[in-house]
């Protein structure tokens, strides 16, 4: 029986387990990436493992998220990251060099390799034929220390892209169609493998837009074959030697096959406040727009920005539009400038931002109150922009350009002009001057630690009995942004006591105070949630900070993959309602008790929860592997690691 592309790469990297869907496996990791918002804690954890040198083929530390340096915290953490990179053999991409996913695609990604990153959009690398997976920082730290990366072996779903896109329809519209089909929940343990005759026409940057936003569906990763388009991309990056052709076998079998007719697609948008709230641009009926943000790791390639430059050439942004431009990398910006397209964009009124995440994570360019902002980024969660009542729509670069001109939601096909033809230069201008490679002599390197940097917190062992209060009850699709906010708050990422004050800030501002009060009184905390708890960012602080506040368990209807792993890594039980109707019976403030916890977890049995306030009991499931049981009973992976070292 033939193998899928995913099966072929997994087979070459399998260390432990049986590579059958649903089974836990451990794989060798070739490359890692971190970014400054999650990487600071990841490297503090790596230091705690007492490993003298990273053991991967390549580990890259990117400074791309918190580059707006108001206060000393971000600058101090950046200096810490630079010193720790030199000390432990890590490549550093300096602030200004670009967004991790864009730069890694350009300079480091290789077909057939495995990559994990402490950022949920790491699957961008699947555009090069890599298995690229987002993970919590502690999992990345362990991979750098030579520990296998453990995951549930995914089922592989094939998406055939057939036919040809019509003018003014682009890769962003394809992934928005995929989100319309699959939504943001119910896809845990799945990989999207793209094929079909239509794929051969897509460049690597176009494929990257699609693999990048597969993260919004909650899949483990997405992948394209490595073919002639891959070779041309690597040739333009002056590293054609890294090319390897990779294709699935013709007789490979898939869990499901979905066909998309590209010729039938039209310009799409994701409406507030979820990436799967899909509609056609035409149906927006020319809603007035206040802001257009072009860039992010999803749509900031040379091709994307040249397309917009050609559409806007000779025009000026509508008076009602604030037009933001954030190129994905220094390489993109430099080539735009050399080829004259940057001048066209600036002449059109673009406000040039850093080559960084910026507006996408709410770290700059928050729109005005009650506004409509069109963005080429990948997430439009409530409040993520930094403005709670703003309405964020996700669109293609073409639709973004149309709004810049008209000041309204406009189907770009209605502009009445010819769709521009864009081709990427066969050889790009390459300048790696903002990449620092580690020195061979590390004896005199001292780690810089600013006053905002603490030590990685550890949980206590799992008790025999959990006595806790239902400190908060939330609904479906709770994202890590809901749990621990991004934006300006992220400067406290290495100061857990400070950052923990903002847990659930945008849902219930009093949560942290209630949880801390319970903790001080010797009572633990439990979170009750609906479907798809932990969507979005891989931000492990959404587990670390609740753990610091005394959260011992989360009971939900379902969880997302990365957040589940993060909860386990920090000794928090991810429990699933045996009967979903039990969710409706629990109220905030109810006192809950779970007896014989350690015994039942070790046995793999359901747990019985007593609602002491209401006088009834209900059961929950705790589906953990033997390895995960060891971690959660020990109070987290750092405790297990410390015990193994001793």
- Task: Go through the range 221-236 and give me each residue that's farther than 18 Å from residue 104 by Cβ and touching a strand residue (DSSP E or B) at 6+ places or on another chain (Cβ under 9 Å).
- Result: 225, 227
- Message: Can you go through 485, 463, 457, 451 and tell me which one is touching a strand residue (DSSP E or B) at 6+ places or on another chain (Cβ under 9 Å) and part of a loop (DSSP other than H, G, I, E, B)?
- Response: 463
- Query: Which of (1) part of a loop (DSSP other than H, G, I, E, B); (2) touching a helix residue (DSSP H, G or I) at 6+ places or on another chain (Cβ under 8 Å); (3) surrounded by fewer than 22 Cβ atoms within 10 Å (Cβ to Cβ) does residue 370 not meet, given it meets every other one?
  - Reply: (2)
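Rundown of residues vs (1) at negative phi; (2) in contact (Cβ under 8 Å) with a residue 60 or more places away in the chain; (3) touching a helix residue (DSSP H, G or I) at 6+ places or on another chain (Cβ under 8 Å), yes/no style:
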residue: 434; (1), (2), (3): yes, yes, yes
residue: 465; (1), (2), (3): yes, yes, yes
residue: 475; (1), (2), (3): yes, no, no
residue: 490; (1), (2), (3): yes, yes, yes
residue: 495; (1), (2), (3): yes, yes, yes
residue: 515; (1), (2), (3): yes, no, yes
- Query: Inside the range 618-642, can you point out the residues that are surrounded by fewer than 15 Cβ atoms within 10 Å (Cβ to Cβ) and in contact (Cβ under 8 Å) with a residue 40 or more places away in the chain?
  - Reply: 619, 621, 623
- Looking at 385, 423, which one is more than 29 Å from residue 234 (Cα to Cα) and at pLDDT below 95? 385
- Pick out the one residue from 37, 19 that is surrounded by 24 or more Cβ atoms within 10 Å (Cβ to Cβ) and either assigned to a helix (DSSP H, G or I) or touching a strand residue (DSSP E or B) at 6+ places or on another chain (Cβ under 9 Å) (or both). 37
- Which condition number does residue 377 fail, the rest of (1) at pLDDT 95 or above; (2) over 16 Å from the mean Cα position of the chain (by Cα); (3) assigned to a loop (DSSP other than H, G, I, E, B); (4) surrounded by 24 or more Cβ atoms within 10 Å (Cβ to Cβ) being met? (2)
- Note on the structure: In the set 289, 281, 306, the lone residue that is more than 30 Å from residue 8 (Cβ to Cβ), out of contact with any strand residue (DSSP E or B) (no Cβ under 8 Å at 6 or more places or on another chain) and touching a residue at least 12 places away in the same chain (Cβ under 8 Å) is 306
- Restricting to the range 59-76, what's the tally of residues that are closer than 19 Å to residue 102 by Cα and over 20 Å from the mean Cα position of the chain (by Cα)? 0
- Item | Failed condition for residue 360, given (1) farther than 17 Å from residue 290 by Cβ; (2) surrounded by fewer than 24 Cβ atoms within 10 Å (Cβ to Cβ); (3) out of contact with any helix residue (DSSP H, G or I) (no Cβ under 6 Å at 6 or more places or on another chain) | (2)
- Task: Kindly establish whether residue 589 is crowded, with 23+ Cβ neighbours inside 10 Å, on the phi > 0 side of the Ramachandran plot and modelled with pLDDT of 95 or more.
- Result: no
- Message: Here is a check on your reading of the model: is residue 405 at pLDDT 95 or above and over 30 Å from residue 238 (Cβ atoms)?
- Response: yes
- Do you know which of the residues in the range 263-277 that are surrounded by fewer than 22 Cβ atoms within 10 Å (Cβ to Cβ) and more than 20 Å from the chain's Cα centre (by Cα) is farthest from residue 482 (Cα to Cα)? 263
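Yes or no, residue by residue, for (1) within 27 Å of residue 273 (Cα to Cα); (2) surrounded by 22 or more Cβ atoms within 10 Å (Cβ to Cβ):
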| residue | (1), (2) |
| --- | --- |
| 154 | no, yes |
| 166 | no, no |
| 172 | yes, yes |
| 189 | yes, no |
- Failed criterion for residue 518 (all others in (1) assigned to a helix (DSSP H, G or I); (2) surrounded by 16 or more Cβ atoms within 10 Å (Cβ to Cβ); (3) out of contact with any strand residue (DSSP E or B) (no Cβ under 7 Å at 6 or more places or on another chain) hold): (3)
- Message: Please go through the range 138-179 and give me each residue that is out of contact with any strand residue (DSSP E or B) (no Cβ under 9 Å at 6 or more places or on another chain) and within 29 Å of residue 50 (Cβ to Cβ), ordered by number.
- Response: 138, 145, 146
- Message: List the residue pairs whose Cβ atoms are under 9 Å apart, where the first residue sits in the range 2-28 and is under 18 Å from residue 252 (Cα atoms), the second is part of a helix (DSSP H, G or I), and the two are 6 or more positions apart or on different chains.
- Response: 3/11; 19/7; 19/10; 19/11
- Note on the structure: Checked against (1) out of contact with any strand residue (DSSP E or B) (no Cβ under 8 Å at 6 or more places or on another chain); (2) farther than 15 Å from residue 493 by Cβ; (3) modelled with pLDDT of 95 or more, residue 58 satisfies every condition except (1)
- Candidates 391, 459 - the one that is in contact with a helix residue (DSSP H, G or I) (Cβ under 6 Å, 6 or more places away or on another chain) and surrounded by 18 or more Cβ atoms within 10 Å (Cβ to Cβ): 459
- Where a residue in the range 589-617 is within 14 Å of residue 470 (Cα to Cα) and its partner, wherever it lies, is in a helix (DSSP H, G or I) and modelled with pLDDT of 95 or more, with Cβ under 8 Å and at least six apart: 611/585; 614/585
- Specify the residue that is surrounded by the fewest Cβ atoms within 10 Å (Cβ to Cβ); the eligible residues are those in the range 317-344 that are more than 20 Å from residue 97 (Cα to Cα) and within 30 Å of the chain's Cα centre (by Cα). 322
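The values are calculated or read from the model by the stated rules, or taken from the named source; none is laboratory data. Just so it is clear, the model here is predicted, and its values are computed rather than measured. All Cβ positions, even for glycine, are placed from backbone atoms using ideal geometry, and neighbour counts span all protein chains on display.
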